[in-house]
Amino acid sequence: MERLTPTWDQFQQMVAYTRENTINRRCAASGDFVEFMGLSGLGNGEVAELKVRDVDLARGKIWVRRQKTDTGFHIPIFPRLRPLVERLVRAQRSDPNAKLVPISEAKHALDSACKALQFPHFTQRSLRRMFITDALEKGIDVKTIAEWQGHRDGGKLILETYSHVRRPHHDRMAELLA
């Protein structure tokens, strides 16, 4: 079974479409949810449960509770995630108990975007796969990525699940042996 993974360009188009699709009365929040998932690598349940108090802008970290295992871990506020996080914190008027993103999922918004843009049926899980694949292709070590995912196996699951590479990355790696 092929696991569909959007490209960075497809991801950006899905976020833009979701934000602009005013048929969805919560289009802005849906766009934020989709963007947050893709830029953070977090799953639907993890993003849905984030509160303003979980964000430490000064230290550049977000406290996350892994839904599957009910354990906590930190992720960095990645440079491309920071503007979104800062905006979301400001929007909640710094109420520490407010949800960071005021909706709990964006499945239907993502489905609509994929249909309208004539993309394959990317799911919310596809956004995590995009994040992890991008991190691997950028040369970030597997152990670090595993920690960002809340895994405690040193990267074993990441290697088993995300060891595929996209063709352009494959070709760039072959050039290193010149």
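The values are calculated or read from the model by the stated rules, or taken from the named source; none is laboratory data. Quick caveat, the model's predicted, so the values are computed rather than measured. Neighbour counts are summed over all protein chains in view; Cβ atoms, including those assigned to glycine, are modelled from backbone coordinates with ideal geometry. In case anyone asks, the SASA skips ligands and DNA or RNA and just uses the protein heavy atoms, side chains included. Shrake-Rupley method; radii C 1.70, N 1.55, O 1.52, S 1.80 Å.
Do we find that Arg3 is open to solvent by 10 Å² or more (accessible area, probe 1.4 Å) and out of contact with any Asp or Glu (no Cβ under 9 Å at 6 or more places or on another chain) in this structure? The answer is yes for Arg3.
If you go through segment 149-158 and keep only what is open to solvent by 40 Å² or more (accessible area, probe 1.4 Å) and either outside any helix (DSSP H, G or I) or in contact with a Gly (Cβ under 8 Å, 6 or more places away or on another chain) (or both), you end up with Arg152, Asp153, Gly154.
Among the residues making up segment 55-67, those that are under 17 Å from Ile145 (Cβ atoms) and either crowded, with 16+ Cβ neighbours inside 10 Å or in contact with a Leu (Cβ under 7 Å, 6 or more places away or on another chain) (or both) are Ile62, Val64, Arg66. Among the residues of segment 17-49, those identified as open to solvent by less than 40 Å² (accessible area, probe 1.4 Å) and aliphatic (A, V, I, L, M) are Ala29, Val34, Met37, Leu39, Leu42, Val47, Ala48.
Remark: pairs (first residue in segment 99-114, on the phi < 0 side of the Ramachandran plot; second residue aliphatic (A, V, I, L, M) and open to solvent by 30 Å² or more (accessible area, probe 1.4 Å); Cβ separation under 8 Å; 6+ apart in sequence or on different chains) = Ser112/Ile23.
Taking every residue in segment 54-81 that is under 17 Å from Leu100 (Cα atoms) and pairing it with any residue that is of a type in the set (Ser, Thr, Tyr), at least 6 positions away or on another chain, the pairs with Cβ-Cβ distances below 7 Å are Ile75/Ser40; Leu81/Ser40.
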